[in-house]
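In what follows, a single structure is set out as structure tokens and then discussed.
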Amino acid sequence: MAIRFQRVLIDQDICIGCAACVAACPYQALEMNNEGKAFLIWEKCEDSFDCIPVCPVNCIWKTGEAPEESKKKDKWYTFQRKLTKEEEQEFEEWKTKFRITGKPA
């Protein structure tokens with residue numbers, strides 16, 4: 001299976017919790033966590049990238065364009081449900097292709 005979507009990366013150390021990205025996402029792929037920071041619901045992101053230009057602190061990037069140090073951070077993405085076998089394979093390919101080493105929430 002090929003990777004269908006690049007997705008976005010959110011650096012929660014920079015995020016100020018304004019939720020502009022959450023409001024802008026047409027797929028409801030972003031939510032706020034208990035610390036008031038935005039995070040990605042991995043399987044919902046379909047590459048609209050509407051969230052990137054509305055971020056006032058520039059803490060959201062296309063995954064392929066994100067700083068390497070941000071890719072190493074944990075808990076900026078999660079899964080809303082158990083992934084299918086195909087999605088699990090896509091997830092592993094996505095992690096490898098974009099050098100994501102941070103763990104999900």
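I'd like to know if the range 3-13 contains one or more residues that are assigned to a helix (DSSP H, G or I), open to solvent by 40 Å² or more (accessible area, probe 1.4 Å) and under 22 Å from Lys95 (Cα atoms). First the steps, then the outcome.
Let us first name the residues in the range 3-13 that are assigned to a helix (DSSP H, G or I), namely none.
No, because not a single residue in the range 3-13 is assigned to a helix (DSSP H, G or I), open to solvent by 40 Å² or more (accessible area, probe 1.4 Å) and under 22 Å from Lys95 (Cα atoms).
Does the range 31-47 hold any residues that are open to solvent by 40 Å² or more (accessible area, probe 1.4 Å) and over 19 Å from Glu88 (Cα atoms), and which are they? Write out each step before concluding.
Initially, the range 31-47 is screened for residues open to solvent by 40 Å² or more (accessible area, probe 1.4 Å), giving 31-32, 34-35, 37, 44, 46-47.
Listed by number, the residues that qualify are Glu31, Met32, Asn34, Glu35, Lys37.
Residues that are touching a residue at least 12 places away in the same chain (Cβ under 8 Å) and part of a helix (DSSP H, G or I) were ranked within the range 90-105; the one that is nearest to Ile14 (Cα to Cα) is Phe98. Screening the range 57-89 for residues that are farther than 15 Å from Leu9 by Cα and not in a helix (DSSP H, G or I) and picking the one that is least open to solvent (accessible area, probe 1.4 Å) gives Leu83.
Listed conditions (1) in a loop (DSSP other than H, G, I, E, B); (2) more than 16 Å from Ala105 (Cβ to Cβ) are all met by Asn34, apart from (2).
Looking at the range 11-70, which of the residues that are among the aromatic types (Phe, Trp, Tyr) and either out of contact with any Phe, Trp or Tyr (no Cβ under 8 Å at 6 or more places or on another chain) or modelled with pLDDT under 95 (or both) is nearest to Arg81 (Cα to Cα)?
Narrowing the range 11-70 to residues among the aromatic types (Phe, Trp, Tyr): 27, 39, 42, 49, 61.
Remaining after also requiring either out of contact with any Phe, Trp or Tyr (no Cβ under 8 Å at 6 or more places or on another chain) or modelled with pLDDT under 95 (or both): 27, 49, 61.
Details: Tyr27: 15, Phe49: 22, Trp61: 24 Å.
Within the range 11-70, the match that is nearest to Arg81 (Cα to Cα) is Tyr27.
The values are calculated or read from the model by the stated rules, or taken from the named source; none is laboratory data. None of the values given here were measured: they were computed from a predicted structure. Glycine gets a Cβ as well: all are built from the backbone with ideal geometry, and neighbour counts include every protein chain shown. Heavy atoms of the whole protein, side chains included, go into the accessibility calculation; ligands, DNA and RNA do not. Shrake-Rupley method; radii C 1.70, N 1.55, O 1.52, S 1.80 Å.
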